[in-house]
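Structure first, commentary second.
The values are calculated or read from the model by the stated rules, or taken from the named source; none is laboratory data. Quantities reported herein were computed from a predicted structural model and do not represent experimental measurements. A quick note on method: Cβ atoms are made from the backbone with ideal geometry, for glycine too, and the neighbour counts reach across all protein chains shown. Side chains included, ligands, DNA and RNA excluded: accessible areas come from the protein's heavy atoms. Shrake-Rupley method; radii C 1.70, N 1.55, O 1.52, S 1.80 Å.
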Amino acid sequence: MTPKIKIVVTDLDGTLLPSQGSISKKDYDTLVSLHDKEIIRVIATGRTLYSALAVLPEDFPIDYLIFSSGAGIMQWDTKELIYSQQIEAEEVLELSKILIDHEIDFMILDPIPLNHQFWYYQTGNKNLDFDRRLALYKQFSTPVGKLEDTKRDACQILAILPNRVDWFEELKTKFTDIKIIRATSPLDHESIWMEIFPEHISKGQGCQWLCNKLQIKATESLAIGNDYNDFDLLDWGEHSFVVANAPKELRLKYQVTDSVIEDGFAKAVERILETPTTSQQATNRYL
């Protein structure tokens with residue numbers, strides 16, 4: 001019996017969008033076909049709104065965009081911001097003190113929708129991935145001159161670590177109302193990005209908020225991801241898949257579809273809905 005699916009949620013980078021290339025025609029056509037079946041289409045990404053809009057055309061075939069790992073949600077057709085959360089200034093200051101004490105490079109992203117703008121603290125230690133992100137968004141960055149500069153409302157705090165992560169347990173025990181999400185750097189694909197949000201922020205929580213708004217049951221969902229920051233999304237989804245290029249830890253826990261460059265999104269949808277798309281595989285490219 002074919003499951004009843006009313007909402008399909010997919011990660012973007014590494015799941016729908018290859019690191020080198022564009023979204024395949026088959027994946028694109030699958031998104032279009034979901035609309036024809038009256039199934040809600042959602043992208044849930046760790047990207048900021050600014051970064052997501054830079055790679056998604058205005059008429060891209062989705063219904064909602066969950067961005068910044070669930071800190072904001074946009075209704076796609078109207079481009080209306082329907083949900084946003086932030087960390088209050090006092091707590092940002094306390095978190096910053098701990099990061100500075102541990103000699104960690106970090107960025108404090110402004111509240112949504114301007115969370116592509118940020119203040120940054122740099123230790124001077126070698127951190128090529130931090131340098132890379134800083135260079136990419138240099139026009140939107142301001143250096144932290146003194147500790148008081150960190151006392152500001154924020155969408156999130158992003159710490160970039162070339163290696164050690166064990167001390168983050170200290171944050172988890174000290175602050176009960178924050179969530180620490182691990183992600184693999186989308187820039188060098190090796191460094192660890194630790195994203196610090198309010199406790200109730202995650203891709204999965206964003207999906208649940210949206211389902212409550214749309215009166216859709218979580219049991220009517222399909223979720224597809226590829227990285228550590230998709231754990232809560234995949235745990236939330238009733239039918240969850242990871243693409244074949246996901247880390248082994250995820251591939252052992254969830255159903256596996258083909259890789260991002262082999263139309264893994266479309267094939268996962270086909271497997272659950274049992275309705276293959278008729279388009280030829282990935283000769284034309286979108287985005």
Inset, instruction - Considering only residues that are among the hydrophobic types (A, V, I, L, M, F, W, C) and open to solvent by 30 Å² or more (accessible area, probe 1.4 Å), look in segment 42-65 and name the one that is nearest to ASN226 (Cα to Cα). - result: VAL55
Legend entry - Residue ranges of strands (runs of 3 or more DSSP E) in segment 171-287 with at least 3 members at pLDDT 95 or above and buried (at least 23 other Cβ atoms within 10 Å of the Cβ): 221-225, 239-243
Inset, instruction - Would you point out the residue of segment 102-124, among those that are over 17 Å from SER51 (Cβ atoms) and of a type in the set (Val, Ile, Thr), that is most open to solvent (accessible area, probe 1.4 Å)? - result: THR123
Inset, instruction - Could you please give the count of residues in segment 119-129 that are in contact with a Ser or Thr (Cβ under 6 Å, 6 or more places away or on another chain) and in contact (Cβ under 8 Å) with a residue 40 or more places away in the chain? - result: 1
Inset, instruction - Run down GLU94, GLU58, GLU103, GLU38 and say which single residue is out of contact with any Leu (no Cβ under 8 Å at 6 or more places or on another chain), in the same structural domain as LYS138 (by the TED database) and in a loop (DSSP other than H, G, I, E, B). - result: GLU103
Inset, instruction - Kindly provide the set of residues from segment 29-41 that are surrounded by fewer than 24 Cβ atoms within 10 Å (Cβ to Cβ) and in contact (Cβ under 8 Å) with a residue 60 or more places away in the chain, ordered by number. - result: ASP29, SER33, LEU34, LYS37, ILE40
Inset, instruction - Determine if segment 7-26 includes at least one residue that is in a helix (DSSP H, G or I), closer than 25 Å to LEU187 by Cβ and either open to solvent by 20 Å² or more (accessible area, probe 1.4 Å) or not aliphatic (A, V, I, L, M) (or both). - result: no
Legend entry - Subset of segment 127-151 [part of a helix (DSSP H, G or I), farther than 17 Å from ILE104 by Cβ and over 25 Å from the mean Cα position of the chain (by Cα)]: GLU148
Inset, instruction - Say whether the condition of being open to solvent by 20 Å² or more (accessible area, probe 1.4 Å), more than 27 Å from VAL9 (Cβ to Cβ) and without any contact (Cβ under 8 Å) to a residue 40 or more places away in the chain is met by at least one residue in segment 78-101. - result: yes
